[in-house]
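Take a look at the structure below.
Read the figures in this text as sums done on the coordinates, not as results from a lab. As the structure is a computational prediction, the values presented were derived from the model and not from experiment. Here Cβ is always computed from backbone atoms with ideal geometry, including for glycine, and neighbour counts include all displayed protein chains.
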Amino acid sequence: MRLVIGFAALAVTAGVVSAQQSDAIPARSSPRRPSADRGMLPIPPDCVWLGPATPSALASDSVCLTRAEVIALALVRNPQLRAGFEQVAQARARKVEGTAIPDPQLSYIVDGSNGLFGSGGSVDKTLSTTLQIPFPDKFRLRGRIGRADVRATEATLESLRQAVAAQASQEYDSLLAALRHRNDLTVAKTLAVDFLQKTEARFQAGSAPRLDVIRARVDVAKSGNDLISNERDIVNARAALNRVLARPLGLPIAVADTLVLPPPLPALEVVEAAAYAARPDLMGIARQIEGARATTALAKEYWLPDVIFGVGKNYSSPGPGVLTTGLAMPLPVFFWQHSKGEIAESRHRERELEATYSDLRAQVGQDVRASYATAATALLQAAYLRDELLPAAREAYRIASLSYGLGGSSGLDVLDARRGLLDAEGQYTDALAAANIARADLQRAAATTLESIATGGSRDH
């Protein structure tokens, strides 16, 4: 009998230990919890400064960030990610709850008494404690369910991390685009003022009509109004970037990068294959399927017995206390209620998740293809504007300006050429921003960096 009791205790202990083992997963998919903020950085001279250039601002709350630093800081400070980390912690706590050993029950029973708790005398006074432990395999299955829940929650957090990284990169590009527009508009205003001075000089010399002077003044005023409108765009872009970084929206910020044409894209087939292998939402559904299968197996063990251990002492009887052991199990008389109830529900949950996985895989492929098409088109448009439209517009303005200085063309020709040049510069800036933003979205869809895909042997687009 002692051998049987010892074997049962060993089996229970082994089952509990295996169920309560660490839920650690490979480092590649495990989310990284940040430990501290990296603090504020000084403003290097090559940074583009935004905000009031006061000594207090430069010393206390100003930052100068590259694109990589913006992404890293967003992954540390973004409140959405902090909420995601707490959800992972909740899943780990649920795993502990599911595999917890039930607390022992302590009881004190008084029999044959005329008063409460033996106040009127009693025949029997029994103090006992019992521990009822579920069948060991139930711990194993509950452990699998808990680990699947943790991994699915971590996959959701990883998806959120990638979305935050893409958003931070896109907001950074929007700010770079607003700054580049400001530079273009500043140059345009300088050209407009220069043209006004030339027109006034020619008007004084009698070689230009007064209408040209009026047009030139209107053009200068329009350039100033465009700069005022651009300041609003910069403020909004700065506020959006500060929001991603969990900073007060009005704080000053400086950028260290410039808006450039991104490198060529890897092949679509390689990007799509990388997305199927790395997308955390697919991994999360796969982990949920594992948990649902464990839930089905656990539901099928409704008939397995629980193990009972107890120690009791009757104070009305001489001698030591007694040890009680036993098994408690349901009688599966109405077995069809279980097979058509919780077991059937869990099986249908498995099929639901499998169908969801199939549909999500198709969505991932569509997401990658749509993002790839957008990124490829934006890259081609930016390259075309750089190589074709922008040189032509600059040459047209150069010729019109030179001809006007020699007395050949009219002021209206110069104004039209300058507006065409400003429009081409604006289109090129927007195209650069669109190409970089689309590239960031494609990296989100691929769940990995395009540089790592390209170095893996893929051909360029």
Given charges at beta-carbon only (K, R positive; D, E negative), |dipole| of region 299-350 in Debye:
60 debye
Given H placed on each backbone N at 1.01 Å, which residues far from residue 306 in sequence or on other chains put an amide H within less than 5 Å of it?
328, 329
Taking other Cβ within 10 Å of each residue's Cβ, how do 223, 358 sort, fewest first?
358, 223
Backbone HN-Hα couplings from phi across region 204-221 [Karplus 6.51/-1.76/1.60, Hz, Gly and Pro as x]
5, 7, x, 9, 9, x, 5, 4, 5, 5, 5, 4, 5, 5, 4, 5, 5, 5
Taking the dipole of region 294-420 about the Cα centre (Lys, Arg +1; Asp, Glu -1; charges at Cβ), the one of 296, 374, 322 that reaches farthest to the positive side is 322
Hey, which lysines would be in cross-link range of residue 189, C-alpha to C-alpha under 26 Å, not counting anything within fewer than 8 residues on its own chain?
198, 222
Extension reserve of the residue 406-residue 127 stretch, reckoned as 0.36 nm per residue once the Cα distance is removed:
89.0 nm
Set of lysines with alpha-carbon distance to residue 313 below 29 Å, sequence-local pairs under 8 removed
125
Could you tell me which chymotrypsin sites (Phe, Trp or Tyr not before Pro) in region 298-388 are loop residues by DSSP with no more than 14 other beta carbons within 10 angstrom of their beta carbon?
303, 315, 334
Before anything else, pin down the relative contact order of region 241-346: Cα pairs under 8 Å, at least 6 apart, normalised by residue count, whole percent.
20 percent
Grab the beta carbon distance between residue 427 and residue 369, set R0 = 25 Å, and tell me the FRET efficiency rounded to 0.05.
0.45
With the crude spin-label approximation of a point 7 Å out along Cα→Cβ, what separation in nm comes out for residue 109 versus residue 325?
2.1 nm
Excluding residues fewer than 8 places away in the same chain, name every one of the lysines whose C-alpha is closer than 30 Å to that of residue 300.
95, 138, 340
Hey, fewest Cβ within 10 Å first, where do 338, 348, 181 land in order?
348, 338, 181
Between residue 66 and residue 455, what is the spin-label point distance in nm, taking each point 7 Å from the Cα along the Cα→C-beta axis?
1.4 nm
With R₀ set to 51 angstrom, the calculated FRET efficiency between the beta-carbons of residue 268 and residue 97, to the nearest 0.05, is 0.65
Between residue 380 and residue 337, how many nm apart are label points set 7 Å from Cα along the C-beta direction?
6.6 nm
I'd like the Karplus ³J(HN,Hα) series for region 235-242: coefficients 6.51, -1.76, 1.60, θ = phi - 60°, whole numbers in Hz, and an x wherever there's a Gly or Pro.
4, 5, 5, 5, 5, 5, 5, 4
Can you list the residues, at least 5 places off or on another chain, whose amide H is less than 5 Å from the amide H of residue 66, using H built in the peptide plane?
256
